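Enquirer: If you scroll down you'll find the structure; I have some questions about it.
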Amino acid sequence: MTFISHTANGLTSDIHYQFDFERFLEHLVDVTLRFTADTDAPSLWLPAWIPGSYLIREFARNITAVHYEILDKELSDNQIVNNKNPKCYRAQKTDKHTWQLPQAKSGQTLKVYYEVYCYDLSVRTAYVDQQRLYGNFTSLALAIDGQEQSSVKVSLMIPEAFFMNKNKEHVLLACGLKATQLQSDERDLYSVQADSYHELIDYPFEIAIQEKFDFIIQDSQHQTLSHRFFLTGKHNADMGRLQQDITQICQTYLNWLGDAPFDDYTFMTYASGQDYGGLEHINSTSLITPRRDLPATNETAVPSGDYQRFLGLCSHEYFHAWWVKTVRPDVMLEVDLRREAFTPLLWIFEGFTSYIDDFMLQASGVIDKASYLKLLAEQINRYYQTPGRAQQSVAESSFDAWIKLYRNDENTGNAGISYYNKGALVALCLDLTLLEKSAGRYRLFDVVKTFYHQAKQNDNERIGISSADMGTVIGQFMLLADWEEFERCYVNGVKELPLEALLEANGIQLYSNSKETADKHVPWGMRCTETPTGLKVNRVTRGSAAAKAGLSAHDVIIAIDGIKADNKQLALFNEASHDIECHLFRRDELMTVNVVPKVNTDDNHGSDKVLPHSISLRLARTNTEDKDKINGLKVESTWLDVMKDAQ
């Protein structure tokens with residue numbers, strides 16, 4: 001095997017990565033990189049974060065030593081492959097994710113080799129064992145400083161041992177890049193190519209026993225787009241039902257947006273016990289889901305709540321191909337993956353997507369309106385149950401993603417709000433406000449489509465947008481002054497969202513559950529876990545009875561009113577009219593506190609109205625004929641029925 005490679009345009013590629021999975025049982029990948037230096041003492045670097053997940057993750061921690069050789073041009077390819085060159089050096093680290101090759105000179109051909117530890121099951125990094133070989137190149141491939149725009153070739157080398165006890169025909173490669181497969185007696189080889197390092201890292205791969213189905217959808221010009229869906233892990237999913245529902249959802253996006261920023265698309269899904277998540281890429285998505293969220297063989301016509309969650313995940317990541325990968329925050333257009341890229345706009349990209357993902361489930365007909373309203377009510381309840389919504393704006397939440405969103409602690413709910421959750425509800429409010437201000441002519445979908453059309457006018461078919469750009473586009477569909485007031489109150493400010501008024505104006509009634517309005521599920525304003533040693537306090541709401549008594553997160557309450565503490569004992573004294581003595585351990589110290597359950601609490605944290613603990617949404621009654629019924633009543637809702645001219 002030689003290191004000589006060719007790109008799709010026929011030019012020779014000077015950069016070749018080999019990933020050898022021989023040591024998969026040890027969760028190790030051996031990487032070899034061959035390239036020609038274009039400077040003296042070249043440097044190699046590894047991203048510190050992956051696009052779509054805004055946290056410095058320090059992927060370099062999984063690399064041990066980096067070694068390199070200066071290859072003699074007189075050596076044959078076989079000598080190079082068989083490590084006959086004696087000039088071997090150890091690379092020097094210059095910072096936490098950069099290695100320098102001080103002995104190398106410009107024009108010399110170098111061979112670099114290192115190992116990567118791969119044992120993170122998430123969709124953000126890499127995972128290798130006897131069941132699956134999965135990876136993002138942001139975790140595996142060192143970039144060559146200054147040569148990131150050069151074309152690259154990648155070889156994935158799979159040992160025969162990996163196929164033991166497997167039906168080899170069912171071991172498939174899932175990847176958004178087209179691959180060539182070669183076989184020998186000792187290993188299989190998959191070869192893929194990319195035009196640049198930045199393109200390469202947008203294509204995760206998975207090699208495992210996988211089930212697969214294909215489907216096609218059509219754009220507005222009747223051009224077909226091929227889609228592939230891979231599913232691995234233990235499961236009993238109804239693949240036919242899954243294919244039917246995913247096809248409907250994807251086609252609905254094409255009906256709305258007209259076309260796609262890709263020619264084909266790949267869904268990569270791993271079924272696990274409890275893990276959940278997804279990450280977007282330009283023509284693929286990597287998903288991990290609890291197997292119970294997949295469709296059962298006896299799945300009802302209206303998907304179960306668990307299955308709806310998985311469909312929502314697919315919808316969310318699929319839409320990101322347009323709304324994050326194509327239209328993106330301006331600071332993400334040419335981004336340095338070695339440091340944070342701060343932006344107040346994540347609420348637009350993740351918030352809009354978190355609103356549209358579920359909306360498209362009902363727009364496609366995969367779920368009915370009642371199911372959608374239940375999903376929306378869950379979003380609203382999460383918002384109402386987060387007192388930090390009065391402390392942090394959704395724009396601030398976006399900017400602080402790097403230090404807060406992915407680092408939840410016992411104070412998170414008190415001090416902040418998720419730009420996913422509140423962002424989705426701000427998007428809902430903006431959608432309904434656009435409908436109101438434009439007399440039903442325009443809505444949020446028109447804003448998204450306008451930005452997408454702008455992106456297609458650029459040579460790279462991408463666009464980076466700012467807060468000012470948002471005002472410019474939204475100003476095409478309603479008065480700019482109205483948008484600026486909306487932005488001041490609900491984006492940059494913490495004013496309570498006008499959810500009830502906007503929903504009722506669009507045929508949706510909000511109902512409070514009177515049995516849930518008290519602290520039934522958060523007695524004394526704290527959340528606890530029952531353990532053999534007592535009630536472990538997980539979170540305490542500011543201003544609550546628990547907080548004013550001095551109870552804190554991580555305390556273990558062992559007795560309430562002289563009786564062993566458990567959930568039943570706590571519930572018994574939830575609304576007591578007298579002081580309750582509690583014994584607890586804080587760390588290893590025994591303490592006693594007195595709780596006054598009826599203490600005056602600041603439950604709404606600055607809100608100007610008493611908010612329910614739990615709400616539900618229903619379509620309003622009407623005398624107008626409509627095919628949908630809830631509880632036997634005919635209903636209608638122009639907001640849910642149509643996407644207006646956005647289609």
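Bear in mind that the values in this text are calculations on the coordinates, not laboratory data. These figures come from a predicted structure and were not determined experimentally. As a convention, Cβ positions derive from the backbone with ideal geometry for all residues, glycine included, and neighbour counts pool all protein chains shown.
Enquirer: Thinking of the range 235-381 as a set of Cα atoms, what percent of all their pairs are more than 23 Å apart?
Expert: Numbers: 3979 of 10731 pairs.
Everything past 23 Å amounts to 37 percent.
Enquirer: Averaged across orientations, what area in nm² does the convex hull of the alpha carbons in the range 5-203 project?
Expert: Values: hull surface 45.9 nm².
Over every viewing direction, the Cα hull of the range 5-203 projects on average to 11.5 nm².
Enquirer: Let me ask you something else. Can you give the translational diffusion coefficient of the range 444-526 in µm²/s, computed by Stokes-Einstein from the Kirkwood radius over Cα pairs at 20 °C and 1.002 mPa s?
Expert: Details: Rh = 16.4 Å.
D = 131 µm²/s.
Enquirer: Let me ask something else. What's the ranking of 52-64, 573-585 by average number of surrounding C-beta atoms within 10 Å, highest first?
Expert: Details: 52-64: 17.9, 573-585: 16.2.
Going by the mean number of other Cβ atoms within 10 Å, highest first, we get 52-64, 573-585.
Enquirer: Further question: By a straight-distance test (C-alpha under 12 Å), which aspartates and glutamates pair with residue 456 as possible cross-link partners, with residues fewer than eight away in the same chain excluded?
Expert: Qualifying aspartates and glutamates at Cα under 12 Å: 259.
Enquirer: Calculate the translational D of the range 209-298 in whole µm² s⁻¹ from Stokes-Einstein, where the hydrodynamic radius comes from the Kirkwood formula applied to all Cα pairs, the temperature is 25 °C and the viscosity 0.890 mPa s.
Expert: Diffusion coefficient, whole number: 178 µm²/s.
Enquirer: Turning to a different aspect of this structure: Considering only 425, 388, 447, whose Cα is most displaced toward the positive end of the charge dipole of the range 373-458, charges sitting on Cβ of Lys, Arg (+1) and Asp, Glu (-1)?
Expert: 447
Enquirer: Run the numbers on the range 496-590 and let me know its relative contact order in percent, using alpha-carbon pairs under 8 Å that are six or more apart. Display every interim value, and only then the final one.
Expert: On the way: 121 pairs, mean separation 19.5, N = 95.
Value for the range 496-590: 20 percent.
Enquirer: log₁₀ I(q)/I(0) of the chain at q = 0.06 Å⁻¹, via Debye over equal Cα point scatterers, no solvent, to two decimals?
Expert: -0.40
Enquirer: Binned at 5 Å from 0, what are the whole-percent values of the Cα-Cα distance distribution for the range 124-205, short to long?
Expert: All Cα pairs considered, the percentages come to 3, 13, 24, 24, 18, 11, 6, 2, 0.
Enquirer: Further question: Once you have the alpha carbon radius of gyration of the range 372-488, what is it after dividing by 2.2 N^0.38 Å, with N set to its residue count? The partial results should precede the final answer.
Expert: Working: Rg = 16.1 Å, N = 117, 2.2 N^0.38 = 13.4 Å.
The value comes to 1.20.
Enquirer: State whether the range 523-595 is rounded, prolate or oblate according to the following rule on the C-alpha gyration tensor (a ≥ b ≥ c being the square roots of its eigenvalues): a/c under 1.5 gives rounded; otherwise a/b larger than b/c gives prolate, and the remaining case gives oblate. Let's see the in-between values first.
Expert: Numbers: a/c = 1.30, a/b = 1.12, b/c = 1.16.
Rounded is the answer for the range 523-595, as its axis ratio a/c remains below 1.5.
Enquirer: Still on this structure, I have one more. Around residue 367, which amide H atoms from residues at least 5 apart in sequence, or from another chain, sit under 5 Å from its own amide H, with H modelled in the peptide plane?
Expert: 362
Enquirer: If you don't mind, there's one more thing I want to ask. Can you order the peptides 346-355, 490-499 by their average number of other Cβ atoms within 10 Å per residue, highest first?
Expert: Most protected by this proxy first, the peptides run 346-355, 490-499.
Enquirer: By how many degrees, between 0 and 90 and to the nearest 10, does the Cα long axis of helix 305-319 differ from the longest principal axis of the chain?
Expert: The angle comes out at about 50 degrees.
Enquirer: Remind me, what semi-axes does the range 363-425 give for its equivalent ellipsoid, largest first in whole Å, using sqrt of 5 times each Cα gyration tensor eigenvalue?
Expert: 26, 12, 10
Enquirer: Measuring from centroid to centroid over Cα atoms, what is the spacing of the range 517-581 and the range 258-318 in Å?
Expert: 38
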